[in-house]
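Following: one structure in structure tokens, then a few remarks.
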Amino acid sequence: MKKQLYFILLFVFTFINISAQRDTEHWFAPFSSASLSSSAKQAVYLSTDSTTPFNVDIYNNNVIITTISISKGNPQYYYINTTDMIGSTATDLFTVGTKGLYLKGTKPFFATFRFTVPAHGEILTSKGKAGIGTKFYAVVAPITNASSGMNYTTGILATENNTNVTISGYSPTVVFTNGTTGTAMPSISITLDKGQSYIIEGRGNQPGNLKGFIGAKIVSDKPVSVTNGNFLGEYNIGTPLTGGDIVMDQSVPTDRLGKEFVLVKGYGNISSATEDALIVATENDTKIFVNDNPIEVATINEGQHYRVNEINNNNYINQGNDHYNMYIRTSKNAYVYQLLAGTATTSATIGFNYIPPINCLLPRKIDEIGMIQMLPQSPNTQVQNNIKLNILTEKGAAVTYSINGGAPITPTAAQGPYNVTGTLDWESYSLTGITGNVAIISNKAVTAGIAGGSGVVGYGGYFAGFTSVPVVSKTGDCVPGVVLEVGDSFESYQWFLGTAPIPGANSYTYTPMQPGNYTVKVGMGGCFATTPVFIVGSCYEQVTKSLVVCDAQKTIVPKFTNQNVSIVSGTLQIDIPPTKGTAAIDAATGNIIYTPNVGFVGNDVIIYHFCANPATGVGCEQVTMTLIVDPNPTVKNVSIRSCYIESKPDTASFNLETSGFTTQTGLIKKYYPTLADLSNGTNEISPASAYISSNKTVYVKVTNSNGCSSIAEITLVVIPPVKSTVLSDKIICIENKATLDAGPGFDGYQWNTGDTTQTINVGVGTYWVNLKTGECYTKQSVKVVQAVQPVISNLDIKNNTITVNVIGGTAPYKYSLDGINWQDSNFFENLPRGENNIYVKDFYNCEPIDVTVTVPNLINAITPNGDNRNDYIDYSELSYKKNLVFNIYDRYGNKVHEANQFNAYKWDGTMYGKKLPTATYWYEITWTEPNKVQTKIKYSGWVLVKNLD
């Protein structure tokens, strides 16, 4: 798909010179005549500084009407049909037409459109590409002769198809030739294709038309050319009206304007009021300063105009020898047009010059103005006129001129230079009677304008040479094939793509290899400027893509973006290879293999194109592929260890995030328990900073901001608890302390007592110690328990012996009657009757336990005969003992008596009140001692009962 090329015009300085006629392309928009004579004659005049002949094609309505060859010293003219440029009937106006000219050459050339009718003439100097744009303000001369023969006119010529144009900002009192008023039609909107035009006109017999169209705003969405002025106009004030003349020139877009201007007077006398300046503002609050006056003479707003000599006619200053000039400065960019005369005293020979702003980037020569004195004349002849050539140059310049290629001529002192009041930077010359092909040479910036006329014809034309912000021209339409060109008279060149300088692009031409925004910075005599942006399109369907390159190589698979068609084999081409790597087409697959340079990280660009079979109706596609080289993150497999969890010693809490598998930052990290989970994106570990696990391997996927990823293994190792092998529970007497020893070999000790030593001395209690091994702690508990005291479970008393039975505690036991002298035997004999203390201690040698026991009086015989002597056994003194039991048995074990509280624990040798036979009987007495352990006492013995009856 073929793309079009567009200009984007940007301000680069606060002032810009725009009347650069020397160019490879020129446009002339049409205009209207209030009353066109059949003897009208018009022609284009072409000249160049190229010594090599080249062709210029002249078009009307996109059709070549002729081709002319020109070269330096061989300027040419070509007569133009009236119907191709001038609207003379109502049907030509306010409608889309085909009038207008387009000229195209292979080298730069000057072009002027010169035309005459009986007694009137004018010249339009083409500004080349600098004269086309998208925003203009119409400038026509004010009409002081209110007759229907006077008019204002503006013509608009499109340079591209489908150009939308709107005209607005004129006075509501305007009355157009078609009868429409400014009130009824406050704006005009039209659509033009390339080569089409639109002509506006109003007549001078309508009061609103005298000044009402000055400053009308013209806005388009694509570049157009504008011609404005009066086919017949008269603007003098206070002097006789003599019929007027054609006053017209080609306009320029607003982004080519400036703020500083110098005008050199034409042939008109000051007193004739035919020499003046007309200023139109493009912005509000535009202040106007004239000559060296530091105070503004006027302040005007957008679309308003100011005529400098309307209030007083003394602003042209005579610098000597009747050489008059005027210096104008504006606070904001504005249009300045010179109103001038071709003869001294009459307003019938007036002209109209657009004045370019002055600037140091003006050319050093104007080479050449062809046939400077000629105008076409009916039927097909040339008429010579009296020409005044006004030259403006930087102060102190060495200026010469030549005629018809002759030797350089230095102006005479009478011709100049002359100062310009208000500026110390510029000076002017005036040369009269100039004819032929003129070249002007200066060692500093120079520009020139002409005032021409005869007794009946007056006209003006301005030749500024080159624009101070040169424009880019092209050969061809799109990449590939287009060649960009700028003026060849500058001293230095640097081309840019976007904001980046293009290495080696230092000539006045450049062949781009990719579409984009191009500019060129030119220099002349230490003064520099950059062209407006020139957008170069592609001959292909343009597609912008990006591709992330993670690996050492990347396969680019070409395919159509918006069409489901195949690529024709062999049409794939790499237009611009990458600069940060290599790219090659794989002949076997038809793919592009891209290999980034080792160590490169960043963006690379490759541009390639491919085509479809024409039979599919699909053309070619060019892809600008941004290769985002961001290698897979660098990772390594790691193993991390973590201390066991006390409640579940085979597990630990692992911080996967600090495991050290990568040193790169700005990465996305996701952790998974298995490779399968990682592949499926399931069971992601979260939080990864506290992952509870036993010994195992987990996996982490590390991804950078561009989606490139790597996988690393993290082996998890649980550090088991390390306990003391010597620390054990202790049994001590309640009054003692034990030494707890955690053992050597640990990196630290933290007892719950606050101690940090290997050993501590403590009493009975429960203790723990954190044993440090490396960074891990093992908590180990230990008890110090009170030794269990032995308990005297019972005492077996037989007569005066006692057998001590002990339970509990830890054997072996020790026994004592006084707590001092101890024996291993639990048997004591020869005990005295009455209270005895029995002491016992066990293996731990703690405070002994003791029990007091009563050894009763031993009665071995009773004689129950009533003499009150030994009549009974009496153990009533033991009645306070707990659970006291006193039983008598015969020799066969039959219980014959049970003593209790009812019989006062006595026995008198009877059984159920009857005396028992004389015999030996056995008795057993038991009780529980009222101590805390409730010691059981058993006392046994025999008694002889003698019943004498």
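Sketch the reach of a paramagnetic label on residue 507 as a point 7 Å from Cα along Cα-to-Cβ, and name the residues of the stretch 47-86 whose backbone nitrogen lies under 20 Å away. From the stretch 47-86, the list is 49-55. Which part of the stretch 87-111 falls in the paramagnetic zone of residue 36, meaning amide N under 13 Å from the point 7 Å along Cα-to-beta-carbon? Within reach of a label on residue 36: 87-94, 97-101. In this rough spin-label picture, where each label sits 7 Å from Cα along the Cβ direction, the residue 894-residue 634 distance is 11.2 nm. For the pair the stretch 776-802 and the stretch 808-840, the centres of their Cα atoms are 17 angstrom apart. Using modelled amide H (1.01 Å from N, peptide plane; none on Pro or chain starts), what sits under 5 Å from the amide H of residue 222, excluding residues fewer than 5 places away? For residue 222, whose amide H was placed from the backbone, the distant partners under 5 Å are 164.
Could the peptides 331-338, 666-673 be put in order, highest first, of the mean number of other beta-carbon atoms found within 10 Å of their residues? Let's see the in-between values first.
Details: 331-338: 22.8, 666-673: 16.5.
In descending order of packing, they fall as 331-338, 666-673.
Here the Karplus curve 6.51 cos²θ - 1.76 cosθ + 1.60, taken at θ = phi - 60°, turns the phi angles of the stretch 112-117 into couplings of 10, 10, 10, 8, 9, 10 Hz, with x standing for Gly and Pro.
What ³J(HN,Hα) values, in whole Hz, does the Karplus curve 6.51 cos²θ - 1.76 cosθ + 1.60 give for the stretch 210-222 when θ = phi - 60°, with x put for Gly and Pro? My calculation for the stretch 210-222 gives 5, 9, x, 9, 5, x, 4, 9, 10, 10, 9, 9, 9 Hz in order.
As a footprinting exposure proxy, order 27, 751, 495 by other Cβ within 10 Å, with the fewest listed first. The partial results should precede the final answer.
On the way: 27 28, 751 19, 495 23.
By the 10 Å Cβ count, ascending, the order reads 751, 495, 27.
Amide H contacts for residue 49 (H built 1.01 Å from N in the peptide plane; partners 5 or more residues away or on another chain; cut-off under 5 Å): 368. Between residue 852 and residue 593, the modelled labels are 11.2 nm apart [label points 7 Å from Cα along Cα→Cβ].
Could you tell me the calculated FRET efficiency between residue 421 and residue 148, based on Cβ-Cβ distance and R0 = 41 angstrom, to the nearest 0.05?
On the way: r = 41 Å, r/R0 = 1.00.
After rounding, the FRET efficiency stands at 0.50.
How far is the Cα center of the stretch 845-878 from the Cα center of the stretch 921-946, in Å? After rounding, the separation between the Cα centres reads 9 Å.
Take the Cβ-Cβ distance between residue 739 and residue 822 as r, set R0 to 30 Å, and report the resulting FRET efficiency rounded to the nearest 0.05. With R0 = 30 Å, the Cβ-Cβ based efficiency is 0.70. Under 5 Å from the amide H of residue 373 lie the amide H atoms of 436, each residue being 5 or more positions distant or on a separate chain, with H modelled from the backbone and absent for Pro and chain starts.
List the residues of the stretch 328-372 whose backbone N lies under 14 Å from a point placed 7 Å from the Cα of residue 271 along the Cα-to-Cβ direction. The answer is 344-346, whose backbone nitrogens lie closer than 14 Å to the label point. Placing a pseudo-label 7 Å from each Cα along the Cα-to-Cβ vector at residue 676 and residue 910 gives an inter-label distance of 10.0 nm. Roughly how many Å is it from the Cα centre of the stretch 340-393 to that of the stretch 203-260, as a whole number? Computed from Cα coordinates, the inter-centre distance equals 18 Å. Stretching residue 703 away from residue 568 to a fully extended chain increases their span by 44.9 nm, per 0.36 nm per residue minus the current alpha-carbon distance. When the C-alpha to C-alpha distance is required to be over 24 Å, the pairs from 648/772; 636/723; 730/936; 882/946 that qualify are 636/723; 730/936; 882/946.
Each residue of the stretch 258-265 was assigned a 3J(HN,Hα) from its phi angle through the Karplus expression (A = 6.51, B = -1.76, C = 1.60, θ = phi - 60°), giving x, 10, 9, 9, 10, 10, 10, 4 Hz with x at Gly and Pro.
State the extension gain, in nm to one decimal, for the chain segment bounded by residue 91 and residue 775, taking 0.36 nm per residue of separation less the distance between their alpha-carbons. Don't skip to the end; give the middle numbers.
Numbers: separation 684, 0.36 × 684 = 246.24 nm, distance 10.15 nm.
Contour length minus Cα-Cα distance gives 236.1 nm.
Multiply the residue gap between residue 331 and residue 443 by 0.36 nm, knock off their C-alpha separation, and tell me the result in nm, one decimal place. Before the final figure, lay out each step's value.
Numbers: separation 112, 0.36 × 112 = 40.32 nm, distance 2.95 nm.
Extra length available between residue 331 and residue 443 comes to 37.4 nm.
Any read-out appearing in this document is the output of simple, stated calculations on the displayed coordinates, not a laboratory observation. For clarity, every value in this text was computed on a predicted model and none was experimentally measured. Quick reminder, even Gly has a Cβ in these numbers, built from the backbone with ideal geometry, and neighbours come from all protein chains shown.
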